[in-house]
1. Just for the Cα atoms in the stretch 91-133, what are the lengths along the principal axes, largest first, rounded to whole Å?
2. Using the Karplus equation 6.51 cos²θ - 1.76 cosθ + 1.60 (θ = phi - 60°), what ³J(HN,Hα) coupling, rounded to whole Hz, does each residue of the stretch 106-115 give in order, writing x for Gly and Pro?
3. So between residue 61 and residue 127, what do we pick up on full extension, going 0.36 nm a residue minus the alpha carbon distance?
4. What FRET efficiency do you get for residue 69 and residue 92 if R0 is 35 Å and r is their Cβ-Cβ distance, rounded to the nearest 0.05?
5. Can you tell me what percent of all Cα-Cα pairs in the stretch 62-106 are more than 14 Å apart?
6. The stretch 100-124 to the stretch 76-99: how many Å between their Cα centroids?
7. Apply the Karplus parameterisation 6.51 cos²θ - 1.76 cosθ + 1.60, with θ equal to phi minus 60°, to every residue of the stretch 65-70 and state each ³J(HN,Hα) to the nearest whole Hz, in sequence, with x for glycine and proline.
8. If packing is taken as the mean number of other Cβ atoms within 10 Å per residue, what is the order of 60-69, 124-133, highest first?
Amino acid sequence: MAVQTRMQTVSKAAMKPASLSEKAEAGTAAREPTAAPVSEADATRERPQRSLPNPSSEERKSKAIERALAQEEGRYRLRDLKRAHAREAKHYVNCPLDYDTKLRLQKAAFDNDIKMTVIIKAAIDQFLRDNGY
């Protein structure tokens, strides 16, 4: 019988906090101040009316023309930039060398720790300068 009374007290104790918490919530809800209902007319009077600027058709047309001119100028600048880049691009010249000349070029590049193309470009530039080109 002691077990039953103990279970009954445990179950009663488990139920009490739930009922107490409900009462506590009801008490705090009753103490909180509620806001007075606001009508729509009052709400619109409190907020200032904001309206977006409505440009005239002439202003819209002039802005559209300015935007189009700026885009066209940007396209022209991009085209010119691409053309300048294409002019600076590398242009290759194929030149067949005999075996001895190529070996000498490789040896010169290795001894001076530079690339063979640098030597060839310098030699061509020197030749053209000497001959007035």
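Derivation of every value follows stated rules applied to the coordinates shown; laboratory data play no part. Fair warning: this is a prediction, and the values are worked out from it, not measured in the lab. Here the Cβ positions follow ideal geometry from the backbone for every residue, glycine too, while neighbour counts run over all protein chains shown.
1. For the stretch 91-133, the Cα spread along each principal axis is 30, 22, 20 Å.
2. My calculation for the stretch 106-115 gives 4, 5, 5, 5, 5, 5, 8, 6, 9, 7 Hz in order.
3. Gain on stretching residue 61 to residue 127: 17.7 nm.
4. 0.30
5. 71 percent
6. 22 Å
7. Result, rounded to whole Hz: 5, 4, 5, 5, 5, 5.
8. Values: 60-69: 10.5, 124-133: 8.9.
Ranking, from highest mean packing down: 60-69, 124-133.
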